[in-house]
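Reviewing the structure listed below.
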Amino acid sequence: MIVMMAKNGNGKMKVEITLPGRPMSKKNHQQIWRNRKTGKPFVVQSEQYQNYETECLWHLKKYRGPCFTGPVRLKCEYWMPTRQKPDLVGLIQATQDILQKAGIIRDDQDVMRLDGSKIVGVDRENPRVEIEIIKIEGLRENAKHKTANHRRNL
């Protein structure tokens, strides 16, 4: 795992994290099981996805950067081991969930922008996800202010 912290040109906190391993989507790696007592179905992540998540969380234990507790911009660039095109939205959701479980972002609902996230290409030797997190200042205050103004205009 490579972590770089800096302030970008606007003075905002920026963190870059690289997680090695084949990126996986949660959506495409699920199994439906039935509860033996109630018979109700429930969804379980596949062993393949659970291993990927465990490996990512192991790498993120070394993270010593800031924990983001408010709105953030997230950019994820995925390098896949083959030309097979996975679901980008599923990859992003899995990455958000892993970042939340690792305590790097408080809640995946704090991700307000996904600028530039994409499947970059193929790297058979080093599949990975390169993550950039930037704290967004003033977003919630602006949203509350606009809502209050809208109510006054009704």
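The values are calculated or read from the model by the stated rules, or taken from the named source; none is laboratory data. Please read these numbers as outputs of a predicted model, since none were measured by experiment. Cβ sites come from the backbone with ideal geometry, for glycine too, and all protein chains shown count toward neighbours.
Check whether at least one residue in the range 19-29 is surrounded by 18 or more Cβ atoms within 10 Å (Cβ to Cβ), in contact with a Lys or Arg (Cβ under 9 Å, 6 or more places away or on another chain), within 30 Å of ILE136 (Cβ to Cβ) and touching a residue at least 24 places away in the same chain (Cβ under 8 Å), and report yes or no.
So far as the range 19-29 goes, yes, one or more of its residues are surrounded by 18 or more Cβ atoms within 10 Å (Cβ to Cβ), in contact with a Lys or Arg (Cβ under 9 Å, 6 or more places away or on another chain), within 30 Å of ILE136 (Cβ to Cβ) and touching a residue at least 24 places away in the same chain (Cβ under 8 Å).
Output the number of residues of the range 122-153 satisfying the condition of being modelled with pLDDT under 95 and farther than 17 Å from PHE68 by Cβ.
12
If TRP79 passes every condition in (1) aromatic (Phe, Trp, Tyr); (2) part of a helix (DSSP H, G or I); (3) under 28 Å from MET13 (Cα atoms) but one, which one does it miss?
Of everything listed in (1) aromatic (Phe, Trp, Tyr); (2) part of a helix (DSSP H, G or I); (3) under 28 Å from MET13 (Cα atoms), TRP79 misses just condition (2).
Tally the residues that are assigned to a helix (DSSP H, G or I) and either surrounded by 13 or more Cβ atoms within 10 Å (Cβ to Cβ) or in contact with a Lys or Arg (Cβ under 8 Å, 6 or more places away or on another chain) (or both), restricting the search to the range 50-67. Before the answer, list the steps.
From the range 50-67, those assigned to a helix (DSSP H, G or I) are 50-60; that's our starting set.
Next, only the ones that are either surrounded by 13 or more Cβ atoms within 10 Å (Cβ to Cβ) or in contact with a Lys or Arg (Cβ under 8 Å, 6 or more places away or on another chain) (or both) stay: 50-53, 55-57, 59-60.
Of the residues in the range 50-67, 9 are assigned to a helix (DSSP H, G or I) and either surrounded by 13 or more Cβ atoms within 10 Å (Cβ to Cβ) or in contact with a Lys or Arg (Cβ under 8 Å, 6 or more places away or on another chain) (or both).
Being surrounded by 15 or more Cβ atoms within 10 Å (Cβ to Cβ) and out of contact with any strand residue (DSSP E or B) (no Cβ under 9 Å at 6 or more places or on another chain) is the filter here; which residues of the range 68-93 pass it? Steps first, answer last, please.
Taking the range 68-93 first, the residues surrounded by 15 or more Cβ atoms within 10 Å (Cβ to Cβ) are 68, 70-81, 86, 88, 90-93.
Across the range 68-93, the qualifying residues are GLY90, GLN93.
Yes or no: ILE104 in contact (Cβ under 8 Å) with a residue 60 or more places away in the chain, surrounded by 11 or more Cβ atoms within 10 Å (Cβ to Cβ) and within 21 Å of ILE134 (Cβ to Cβ)?
Numbers: in contact (Cβ under 8 Å) with a residue 60 or more places away in the chain: yes; surrounded by 11 or more Cβ atoms within 10 Å (Cβ to Cβ): yes; within 21 Å of ILE134 (Cβ to Cβ): yes.
So ILE104 passes the test.
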